[in-house]
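Before any comments, here is the structure.
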Amino acid sequence: MKSPNIRLAAMAAGMWVSLGMPPAAMAAPHASPAAVDAASSEAAGKAARLDHLYDEYWEVLLKREPLTATFLGDSRYNNLLPNTYTAEYRAETLAFLKSWRGRVAAVGESGLSGQDLISYRLFLEEMDQRIEGQRFNDWQQPFSQFGNPATNLASLGSGVSSQPFKTVADYDNWRSRAANIPVIFRQLEQNARTGMVNGIVQPKALMLKVVDQLNQHVVGKAEDSVFWRPVRNMPKSIDPKDRKRIEAEYRQMIEQTIVPAYAQLRNFIAKEYVPAARSTSGLSALPGGTEWYAFKARSSTTTDLTPDEIHAIGLKEVDRIHGEIREVMKQTGFQGPMHDFFKYVQEDKRFRYASEADVLGNFNAIRKVVDGHVGTLFSIKPKAAFEIRPFEAFQAKSAPSAAYVEPSADGTRPGVFYVNTSNLSVLYRWDAESLYLHEAIPGHHYQVGLQQELSSLPKFRRFGGETSYAEGWALYAESLGRDMGLYRDPYNYFGRLQNELWRAIRLVVDTGLHRKGWTREQVIKYMLDNSAESEANAIVETERYMAIPGQALAYKIGEMKFRQLRAKAQKELGPKFDIRAFHACVLEDGAVPLDALETIVDAWIEKTKHSS
């Protein structure tokens, strides 16, 4: 999917700069000083025009997608909730993407180098991918337990997400935004009905979970709704007169607008959609599903790997990691087959938690150890604050065991590592250290936090990025535990291997589901037979892969690229290799596609080779 030319051209630019030569010299190595100056001036002018276009694009994008702005901490559109699910909006989106691609492409890349060249080509590739994605029919199945607009809006309106509730204006903004919820829900229902006619529907197992999610928002009075929480937690600084007005308006909004909209949507899904939902599990069962999934695999991994190739990689990685787990079993003195070891680490009480406080206390203790060692591996760290919190109750039932929510760009909202403490039976102590490294520090919090601080990059790169990079980095971060004071207990190191194994299994089962026709039950069985995952979590994870095909492929494919590039740098640089410099190199440019990451590392290797 990615053009190989970006790697060659950008690498050349990086190498010349690393040797102290001006980028313009690439274009005309034998030119006169005046010609070089003219070329440099032209390139600088192009770069400036492109920067202006990127800024303009980003401003238009945020206005078209005000929820994105809110999530990034930009409050200008916090009162808007446009209906982005209509045919008209989809047509406008396609025209928008083509127009902006054309405007940027018209500038041309001749003379560009370094970050300017990378940004130019990444922008065009992003537009091309989004344009191609418009061909597929995701809009006809708008609900899942993992990507549900109704649940996302409930999170916003509950005050635990990005929507602020600090001032009178904040409360008025949400009331204006929420007024459009019935319109959105009716459109989603209409789109789902189109999908029902065309045979493009979600698996029944997923939609039963959606009904459970919606049931939580169909309540008898405002005080029982999550949408009342901002009223209950209203800041004392708000004037009593405004407080009284807000309470009255929110009560009316919840009881007469929001709850009826959720009830209508719940009834449609429970009574009409669920009976029409399918018994199959994978995307290939849908019209055009094979091509659809191949696109999602390419988009997720930022590679040209086919689903069949990814499946084979997964099987090979599962076998390799099983071999490492057998070595850990020897260290622990465990006698018996691997499957019995898996059962032991799941069932022995020494690996379980007593309470939510026990869970949070353990993660905070891990945080203290990591904070004491992180400087040995990293020369840079994000400025954003960081917190550890449990999932809210209304999110927990369908949430993963842990997740990271990024900080706001302005630093007013911290990065948060959420832990799902709703079911202690699926949490294990041996899992905690690698989980923290992945979701928190130096995983997602370092990568996302640092990326948001790259003010010199265009905003589409600063606030965007590729899953294969972001999740690949986070999984790579799990491998750093021994250098950060962790994995002293072999069972905790097993936890690291189990989590890597889990990502390798994802390559097998995601492609199994969506390319090879595996059933939900087949996937669950494969997970239980080949890992120490609990049945409850295997079910949640399987249904996640059913809901968002291809996304789970990004982790292991990305991590393998990080490991490959580190090994390459160590081999080529020998004693000049510096782990802190390598980590700075791969983090300083944001979440780029994997081929662009290789370009960046290759340029750094060449620069380091020629440094004194």
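The values are calculated or read from the model by the stated rules, or taken from the named source; none is laboratory data. Fair warning: this is a prediction, and the values are worked out from it, not measured in the lab. No Cβ is skipped: glycine too gets one built from the backbone with ideal geometry, and neighbour counts run over all protein chains shown.
Each row is one residue, and each column tells you yes or no for (1) aromatic (Phe, Trp, Tyr); (2) buried (at least 19 other Cβ atoms within 10 Å of the Cβ).
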position: Pro82; (1), (2): no, no
position: Glu88; (1), (2): no, no
position: Thr93; (1), (2): no, no
position: Trp100; (1), (2): yes, yes
position: Val107; (1), (2): no, no
position: Gln115; (1), (2): no, yes
position: Ile118; (1), (2): no, yes
position: Arg121; (1), (2): no, yes
For Ser113, all conditions in the list (1) over 28 Å from Ser41 (Cβ atoms); (2) modelled with pLDDT under 95 hold save one; what is the number of the exception? (1)
So, in the range 505-561, how many residues would count as being surrounded by fewer than 24 Cβ atoms within 10 Å (Cβ to Cβ) and of a type in the set (Phe, Trp, Tyr)? 2
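Is at least one residue of the range 130-141 farther than 30 Å from Arg544 by Cα and in contact (Cβ under 8 Å) with a residue 60 or more places away in the chain?
From the range 130-141, those farther than 30 Å from Arg544 by Cα are none; that's our starting set.
Within the range 130-141 (the criterion being farther than 30 Å from Arg544 by Cα and in contact (Cβ under 8 Å) with a residue 60 or more places away in the chain), the answer is no, since none of the residues qualifies.
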Would a scan of the range 107-115 turn up a residue that is under 25 Å from the mean Cα position of the chain (by Cα), farther than 25 Å from Thr412 by Cα and of a type outside the set (Gly, Ala, Ser)? yes
Working carefully through the options Tyr262, Tyr250, find the one that is modelled with pLDDT of 95 or more, closer than 14 Å to Pro182 by Cβ, out of contact with any Ser or Thr (no Cβ under 7 Å at 6 or more places or on another chain) and crowded, with 17+ Cβ neighbours inside 10 Å. Tyr262
So, of the residues in the range 356-381 that are surrounded by fewer than 16 Cβ atoms within 10 Å (Cβ to Cβ) and in contact with a strand residue (DSSP E or B) (Cβ under 7 Å, 6 or more places away or on another chain), which turns out to be modelled with the highest pLDDT? Asn364
Find the residue count for the range 331-355, including only residues that are farther than 18 Å from Ala432 by Cβ and surrounded by fewer than 10 Cβ atoms within 10 Å (Cβ to Cβ). 2
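Just to check your reading of the model, which residue among Tyr293, Tyr353 is touching a helix residue (DSSP H, G or I) at 6+ places or on another chain (Cβ under 8 Å), part of a helix (DSSP H, G or I) and at pLDDT 95 or above?
Numbers: Tyr353 fails: part of a helix (DSSP H, G or I).
Residue meeting the stated conditions: Tyr293.
Any residue at all in the range 562-585 that's among the acidic types (Asp, Glu) and either within 25 Å of Trp292 (Cα to Cα) or at pLDDT below 95 (or both)? Outline the logic, then answer.
Looking only at the range 562-585, we keep the residues that are among the acidic types (Asp, Glu), and these are 572, 578.
From the residues that got through so far, the ones that are either within 25 Å of Trp292 (Cα to Cα) or at pLDDT below 95 (or both) too are none.
No - not one qualifying residue is present in the range 562-585.
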Under 6 Å between Cβ atoms, which residue pairs at least 6 apart in sequence (or on different chains) link something in the range 248-272 that is free of Cβ contacts under 8 Å to residues at least 60 places away in the same chain with a partner that is part of a helix (DSSP H, G or I) and aromatic (Phe, Trp, Tyr)? Ile254/Phe227
Would you tally the residues in the range 454-480 being among the aliphatic types (A, V, I, L, M), buried (at least 23 other Cβ atoms within 10 Å of the Cβ) and more than 26 Å from Trp430 (Cα to Cα)? 0
Given (1) hydrophobic (A, V, I, L, M, F, W, C); (2) closer than 30 Å to Phe227 by Cβ; (3) free of Cβ contacts under 8 Å to residues at least 24 places away in the same chain, index of the condition Val416 fails: (3)
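Take the residues in the range 223-242 that are assigned to a helix (DSSP H, G or I) and crowded, with 20+ Cβ neighbours inside 10 Å; name whichever of them is farthest from the chain's Cα centre (by Cα). Steps first, answer last, please.
Of the range 223-242, the ones assigned to a helix (DSSP H, G or I) are 223-224, 226-232, 240-242.
Pick out the ones that are also crowded, with 20+ Cβ neighbours inside 10 Å and you get 226-228, 230-231.
Values: Val226: 25, Phe227: 26, Trp228: 29, Pro230: 27, Val231: 31 Å.
In this case the residue turns out to be Val231.
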Could you figure out which of (1) within 18 Å of the chain's Cα centre (by Cα); (2) crowded, with 22+ Cβ neighbours inside 10 Å isn't true of Leu565? (1)
Total residues in the range 44-60, condition touching a helix residue (DSSP H, G or I) at 6+ places or on another chain (Cβ under 8 Å) and in contact (Cβ under 8 Å) with a residue 60 or more places away in the chain: 7
Answer yes or no as to whether Val405 is of a type in the set (A, V, I, L, M), touching a Ser or Thr at 6+ places or on another chain (Cβ under 7 Å) and buried (at least 18 other Cβ atoms within 10 Å of the Cβ). no
Quick one: Thr194 ticks every box in (1) part of a helix (DSSP H, G or I); (2) within 22 Å of the chain's Cα centre (by Cα); (3) hydroxyl-bearing (Ser, Thr, Tyr) bar one, so which box is it? (2)
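Quick check on Ile548: is it more than 20 Å from Lys316 (Cβ to Cβ), touching a helix residue (DSSP H, G or I) at 6+ places or on another chain (Cβ under 9 Å) and β-branched (Val, Ile, Thr)?
Details: more than 20 Å from Lys316 (Cβ to Cβ): yes; touching a helix residue (DSSP H, G or I) at 6+ places or on another chain (Cβ under 9 Å): yes; β-branched (Val, Ile, Thr): yes.
It is true that Ile548 is more than 20 Å from Lys316 (Cβ to Cβ), touching a helix residue (DSSP H, G or I) at 6+ places or on another chain (Cβ under 9 Å) and β-branched (Val, Ile, Thr).
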Within the range 159-177, how many residues turn out to be crowded, with 20+ Cβ neighbours inside 10 Å, touching a Ser or Thr at 6+ places or on another chain (Cβ under 7 Å) and over 17 Å from Arg76 (Cβ atoms)? 0
Gln346 is checked against (1) over 26 Å from the mean Cα position of the chain (by Cα); (2) at pLDDT 95 or above; (3) under 24 Å from Glu543 (Cα atoms) and fails just one. What number does that condition carry? (2)
Take the conditions buried (at least 18 other Cβ atoms within 10 Å of the Cβ), under 30 Å from Lys204 (Cα atoms) and touching a helix residue (DSSP H, G or I) at 6+ places or on another chain (Cβ under 7 Å) and apply them to Thr301. Does it pass? yes
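Which of the residues spanning the range 296-309 are part of a helix (DSSP H, G or I) and free of Cβ contacts under 8 Å to residues at least 40 places away in the same chain? Break it down stepwise before answering.
First, the residues of the range 296-309 that are part of a helix (DSSP H, G or I): 296-301, 307-309.
Selection gives Glu309 alone.
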Subset of the range 389-441 [touching a strand residue (DSSP E or B) at 6+ places or on another chain (Cβ under 9 Å) and β-branched (Val, Ile, Thr)]: Val405, Val416, Val419, Thr421, Ile441
So the helices (runs of 4 or more DSSP H) completely within the range 408-526 holding 3 or more residues that are in contact with a Gly (Cβ under 7 Å, 6 or more places away or on another chain) and farther than 30 Å from Phe123 by Cβ are 429-439, 490-514
Can you tell me which condition Val370 does not meet? The list is (1) of a type in the set (A, V, I, L, M); (2) touching a residue at least 40 places away in the same chain (Cβ under 8 Å); (3) not in a helix (DSSP H, G or I), and all the others hold. (3)
